[in-house]
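Report on the following structure.
The values are calculated or read from the model by the stated rules, or taken from the named source; none is laboratory data. Bear in mind that the values here come from a model prediction, so they are computed numbers and not experimental data. Keep in mind that these areas ignore ligands, DNA and RNA; they rest on the heavy atoms of the full protein, side chains included. Shrake-Rupley method; radii C 1.70, N 1.55, O 1.52, S 1.80 Å.
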Amino acid sequence: MTSGVLLIGASGLAREVLAAGIRGVAGILDDDEALHGTEIDGVRVLGSVADAANREESLLACVGSGAGRRTIVDRLRQAGVDESRYATFAADSARIGRSSDVGSGSILLEGVVVTAHASVGHHVVVMPNCTITHDDEIGDFATLAAGVSLGGTVRIGEAAYVGMNACVREGLSVGADATIGMGAVVLADVPNAQTWAGVPAAPLRGGGLR
Ligand SMILES: CC(C)(COP(=O)(O)OP(=O)(O)OC[C@H]1O[C@@H](n2cnc3c(N)ncnc32)[C@H](O)[C@@H]1OP(=O)(O)O)[C@@H](O)C(=O)NCCC(=O)NCCS
């Protein structure tokens, strides 16, 4: 495999990954043709997302929503791009305990701490200064916005979104595709696909990011 990584999505997240010091970026792929040939923070937009199938660099889906990342990964899988093509990026200031693991496609930005025996799935985005503690399990395509704190043995479901500075009490689960509002204090299990917010967190009528 050719060295280097392609960022997929000319997004705010891509700019954050660049700012966090990722090395070896060969370019950005984005379906907005108006961006092709332009530069984002010094990195050229080389072409469309589908071009990833015809290149050899590693890939990193830089789309803020887990559903968006899942769409890209599914699309590229249908074009023959398998999971082994995806890189993992952790900022130098992120600290990952040696008994914890982080899956391919995942992005850990500045100041993230992952302590003991935690498992971070594939294509997860963990924004700056999140704390993931012992035995936590973060499902594929989940997103933790800046400053999220998880107690021990918390499960975050696939493609769930946890808003800025929310915290989840130890032992609880946040369901797949659920949304937790910024600043929430989660004191009970959150079912799949629901939006909860507030202190203590409770279901938000009709709310949600998706
Ligand atoms: C919870 C959230 C998803 C709801 O978004 P929404 O569906 O657009 O909801 P609205 O902004 O229309 O607000 C609906 C109601 O919920 C309240 N509300 C919204 N967010 C809230 C929050 N985080 N905590 C408490 N109440 C909240 C609003 O005040 C409003 O109350 P009202 O009906 O009494 O007026 C959103 O506010 C949120 O917290 N998103 C996370 C943002 C984030 O972390 N961004 C990081 C970007 S990197």
task = Enumerate the amide H contacts of LEU59 below 5 Å, restricted to partners 5 or more residues apart or on another chain; note that Pro and chain-start residues carry no placed amide H.
result = LEU6, TYR86, ALA87
query = How big is the accessible area of SER3 in square angstrom, nearest 10, if you roll a 1.4 angstrom probe over the protein chains?
reply = 100 Å²
ask   = Is the range 74-210 best put as rounded, prolate or oblate by its Cα gyration tensor, with a ≥ b ≥ c the root eigenvalues, rounded for a/c under 1.5, and otherwise prolate when a/b is larger than b/c, oblate when not?
value = oblate
Probe 1.4 Å, protein heavy atoms only - accessible area per residue of the chain in square angstrom = 44 Å²
request  = For the range 121-174 and the range 1-79, write down the distance between their C-alpha centroids in whole Å.
outcome  = 24 Å
key: Percent RCO, i.e. relative contact order, over the range 90-147, from Cα pairs under 8 Å lying at least 6 residues apart   = 30 percent
key: Solvent-accessible surface (1.4 angstrom probe) belonging to MET182, in square angstrom, nearest 10   = 140 Å²
task = Determine the shape class of the range 91-149: with a ≥ b ≥ c the square roots of the Cα gyration tensor eigenvalues, call it rounded for a/c under 1.5, and otherwise prolate if a/b is greater than b/c, oblate otherwise.
result = rounded
note = Relative contact order as a percentage, the chain, C-alpha pairs under 8 Å and 6+ apart, gives 11 percent
task = May I ask for the angle, rounded to the nearest 10°, between helix 66-78 and the longest principal axis of the chain, with both axes built from Cα atoms and the value confined to 0 to 90°?
result = 40 degrees
key: With every protein chain in place, the range 116-163: carbon and sulfur % of accessible area (1.4 Å)   = 49 percent
request  = Sum -39500 (n - 2.57) across every DSSP H segment of at least 4 residues in the chain, then divide by the residue count to get the 222 nm mean residue ellipticity, nearest 500.
outcome  = -3000 deg cm²/dmol
task = Specify whether the C-alpha gyration tensor of the range 57-125 places it in the rounded, prolate or oblate class, a ≥ b ≥ c being the square roots of the eigenvalues: rounded for a/c under 1.5, otherwise prolate if a/b is larger than b/c and oblate if not.
result = prolate
